[in-house]
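Participant: Here it is, the structure, as structure tokens.
The values are calculated or read from the model by the stated rules, or taken from the named source; none is laboratory data. Keep in mind that what you see is a predicted model, and the values were worked out from it rather than measured. Positions of Cβ are backbone-derived with ideal geometry, glycine not excepted, and every protein chain shown enters the neighbour counts. The accessibility values were calculated without ligands, DNA or RNA, using every heavy atom of the protein model including side chains. Shrake-Rupley method; radii C 1.70, N 1.55, O 1.52, S 1.80 Å.
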Amino acid sequence: MGSQPEDLSPAPLPSPRPGPLPFGLTWSDLVDVLPAGAVRRRAAESHVKRGEHQGGHPSVITTLSYEAPAGHPRRTTLFFKRNPHEAREGERHRFLARRGVPVPRLAVCVEREHEEVLGLELLPTIGVARADVDDLLRLTAALNAVTDVPPAIARTRPGQPQDTFERLLARALDRVGALHAEHAGAPWLDTYRRALPVHRGLPRALTHGELAVQQVGRTEDGMLVVLDLATLAERARFADIANLLAAPGLTAAPTDRALFVAYLGHLAGPGRVPSPVEDAWTELQLTRFVQGVEALPWHVGPGRDAELRERLRTLAADHRAVLGLLGA
């Protein structure tokens with residue numbers, strides 16, 4: 001994580017582009033956004049998006065202009081995104097909002113047979129600065145502390161068959177060895193297979209699943225919120241903090257262990273924090289190793305060598321800890 005927020009904020013277009021509402025929406029879909037009796041309603045694509053912080057789904061930032069019944073001109077700008085059926089977020093947004101976990105305001109949610117369209121408040125900033133790391137840990141802990149999760153939200157989406165996925169991992173590890181000779185022949189896949197049953201038996205909690213700096217942002221009033229909730233589900237309880245502590249740049253100062261202890265402090269509550277902390281740290285390393293191996297196919301690619309090198313260092317350190325845990 002850099003010393004400044006990542007520049008994923010919207011940038012104004014040279015001139016607004018008037019047009020229809022996005023994704024087949026109608027003005028009747030916006031009854032919760034516009035006042036009753038609003039007239040002279042217009043839509044204009046007013047910003048372009050930088051970065052990929054909305055998960056790659058079709059999205060557009062649109063300004064809605066209208067006149068209130070008293071004749072006063074008004075406008076509001078929302079981030080609209082369209083999700084396929086298997087990646088619906090609306091129910092998850094509403095659930096987290098009810099449970100007090102900070103999320104962007106959900107102004108529009110239109111559910112169709114095969115998709116949904118969301119209209120979210122526009123966030124001026126995506127990502128966090130290093131000085132904001134404690135806010136990120138606090139937000140992560142608030143999410144992971146949610147209990148009594150409905151089954152429809154708790155379930156993870158099915159992935160590839162395990163044998164198919166392991167062939168993908170084997171190819172990624174071959175690529176790692178070709179790029180970084182010091183890791184050639186590393187027995188990570190064998191250790192991963194042995195660690196997987198242990199990992200699947202770890203205590204579970206509600207997690208984002210793909211938590212990274214691109215999945216958080218600040219509202220106009222400065223509140224840090226979590227985004228992109230399609231992957232929200234119950235997993236190993238340290239899945240989110242493990243993702244964050246594997247992110248290059250986050251742990252330069254303080255150390256990843258100090259950040260983890262700070263996270264545990266925010267998570268504190270009956271039955272939430274294992275004792276002693278050393279056991280929790282071992283559980284974190286096991287989770288981070290399994291997730292780190294599983295993420296390799298997406299981190300081995302052109303132009304990502306510096307990031308990959310740092311992730312491989314973390315994997316190697318966690319591998320030694322996991323071998324100790326497995327008694328190897």
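Participant: Mind listing whichever residues of region 115-140 are in contact with a helix residue (DSSP H, G or I) (Cβ under 7 Å, 6 or more places away or on another chain) and either under 17 Å from H93 (Cα atoms) or open to solvent by 40 Å² or more (accessible area, probe 1.4 Å) (or both)?
Facilitator: Hits for region 115-140 are E115, E116, V117, L118, D134, R138, T140.
Participant: Would you check which residues across region 125-151 are farther than 13 Å from G265 by Cβ and not in a helix (DSSP H, G or I) and list them?
Facilitator: Within region 125-151, T125, I126, G127, V128, A129, V146, T147, D148, V149, P150 qualify.
Participant: Quick check on my filter: what residues within region 146-194 are open to solvent by less than 20 Å² (accessible area, probe 1.4 Å) and of a type in the set (G, A, S)?
Facilitator: Scanning region 146-194 gives A154, A172, G177.
Participant: So in region 67-86, with the set limited to residues that are among the hydrophobic types (A, V, I, L, M, F, W, C) and surrounded by fewer than 17 Cβ atoms within 10 Å (Cβ to Cβ), which one is nearest to P35 (Cα to Cα)?
Facilitator: Step by step, filter region 67-86, then rank; the result is A68.
Participant: From G90, G100, grab the single residue that is surrounded by fewer than 19 Cβ atoms within 10 Å (Cβ to Cβ), in contact (Cβ under 8 Å) with a residue 12 or more places away in the chain and within 16 Å of the chain's Cα centre (by Cα).
Facilitator: None of the other options fit; the residue is G90.
Participant: A follow-up question, please. Could you grab me the full set of residues in region 115-151 that are basic (K, R) and either under 16 Å from the mean Cα position of the chain (by Cα) or farther than 14 Å from A212 by Cα (or both)?
Facilitator: Answer for region 115-151, where residues must be basic (K, R) and either under 16 Å from the mean Cα position of the chain (by Cα) or farther than 14 Å from A212 by Cα (or both): just R138.
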